[in-house]
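Structure first, commentary second.
The values are calculated or read from the model by the stated rules, or taken from the named source; none is laboratory data. Worth saying up front: this structure is predicted, and the values here are computed from it rather than measured. Here the Cβ positions follow ideal geometry from the backbone for every residue, glycine too, while neighbour counts run over all protein chains shown.
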Amino acid sequence: MKILLFSDLHADVETAKALALCASEFDVIVGAGDFANVRQGLEPVIAPFLSLSIPTVFVAGNNETPDELRQACAGARHVHVLHGEACHIGGETFFGLGGAVPVTPFGSWSFDVDEDDAARLLEACPPRAILISHSPPLGILDKSSAGTSLGSRAVAHCMAVKKPKLLVCGHIHASSGRSQKRGETLVVNAGPSAMIWDE
């Protein structure tokens, strides 16, 4: 299965169009959140993906909510918006967790999930799934430009226990465009330039 991975478009419609144009080369598209920018510009950046027929899995970032993302994708049956739930595509199980974990200092516009709620949602993640989490696991591809680790303890715990074969994240821009193998899991902080997983 060949998967196109990206995150953190932040209302960049031109980048979204470029990603959609190359999507025909892939079996699945995965977007790990932050399509909008401070809750603005979601529909235009989602639109290029809605006319495709390729199975697509999205999770919300902290710049949009799962409900806002579902509404933007309404009517596109090939798009699965996941938050504490799974879907099955081509023999693989995909599980999603949206939002920023832990809670950010950004204020009321940011869709944040605290560590306890994230842990509860992640309990439903099946073993060896493909996990899509907007937030990276604590200590892995989660360092800010200041060198501070900003990832999630709950996501790290889920990774250790459920051993997803692939964990796709974003959120921390300074660590984007990189991948790291940790145990049985390949962690990819995808970023807007996109990365590829081919198994």
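Residues in segment 158-183 that are in contact (Cβ under 8 Å) with a residue 40 or more places away in the chain and part of a loop (DSSP other than H, G, I, E, B) were compared, and the one that is nearest to Ala100 (Cα to Cα) is His171.
Among the residues of segment 127-160, the one identified as exposed (fewer than 15 other Cβ atoms within 10 Å of the Cβ) and either under 17 Å from the mean Cα position of the chain (by Cα) or among the β-branched types (Val, Ile, Thr) (or both) is Thr148. Screening segment 9-76 for helices (runs of 4 or more DSSP H) wholly inside it with 3 or more residues that are touching a helix residue (DSSP H, G or I) at 6+ places or on another chain (Cβ under 7 Å) and farther than 23 Å from Ser135 by Cα returns no ranges. I need the full set of residues from segment 125-162 which are of a type in the set (A, V, I, L, M) and within 21 Å of Gly31 (Cα to Cα), in order please. Result: Ala129, Ile130, Leu131, Ile132, Leu138, Ile140, Leu141, Leu150, Ala154, Val155, Ala156, Met159. Within segment 128-157, the set of residues being in contact (Cβ under 8 Å) with a residue 60 or more places away in the chain and either in a helix (DSSP H, G or I) or closer than 19 Å to Val113 by Cα (or both) comprises Ile132, Ser133, His134. Of the candidates Gly84, Gly75, Gly107, the single residue that is touching a residue at least 40 places away in the same chain (Cβ under 8 Å) and among the small types (Gly, Ala, Ser) is Gly84.
Residue-wise test of (1) crowded, with 21+ Cβ neighbours inside 10 Å; (2) closer than 20 Å to Ala124 by Cβ; (3) among the aliphatic types (A, V, I, L, M).
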{"position": "Leu42", "(1), (2), (3)": "yes, no, yes"}
{"position": "Ala47", "(1), (2), (3)": "no, no, yes"}
{"position": "Glu64", "(1), (2), (3)": "yes, no, no"}
{"position": "Leu69", "(1), (2), (3)": "yes, yes, yes"}
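Restricting attention to segment 73-109 and to residues that are under 16 Å from the mean Cα position of the chain (by Cα) and among the small types (Gly, Ala, Ser), the residue that is farthest from Met1 (Cα to Cα) turns out to be Ala100. Taking residues in segment 18-36 that are at negative phi, and partners anywhere that are of a type in the set (Ser, Thr, Tyr) and assigned to a loop (DSSP other than H, G, I, E, B), the pairs with Cβ atoms closer than 6 Å and at least 6 places apart or on different chains are Ala32/Ser7.
Take the conditions under 26 Å from Asp142 (Cβ atoms), in a loop (DSSP other than H, G, I, E, B), of a type in the set (S, T, N, Q) and at pLDDT 95 or above and apply them to Thr93. Does it pass? The answer is no for Thr93. Do the conditions hold for Phe111, that is, is it of a type in the set (Phe, Trp, Tyr) and out of contact with any Lys or Arg (no Cβ under 9 Å at 6 or more places or on another chain)? No: the conditions fail for Phe111.
Residues in segment 113-127 that are part of a loop (DSSP other than H, G, I, E, B) and out of contact with any Phe, Trp or Tyr (no Cβ under 9 Å at 6 or more places or on another chain): 4 in all. Assess whether Pro105 counts as being farther than 13 Å from Met159 by Cβ and surrounded by fewer than 22 Cβ atoms within 10 Å (Cβ to Cβ). Considered against the rule, which asks whether it is farther than 13 Å from Met159 by Cβ and surrounded by fewer than 22 Cβ atoms within 10 Å (Cβ to Cβ), Pro105 comes out as yes.
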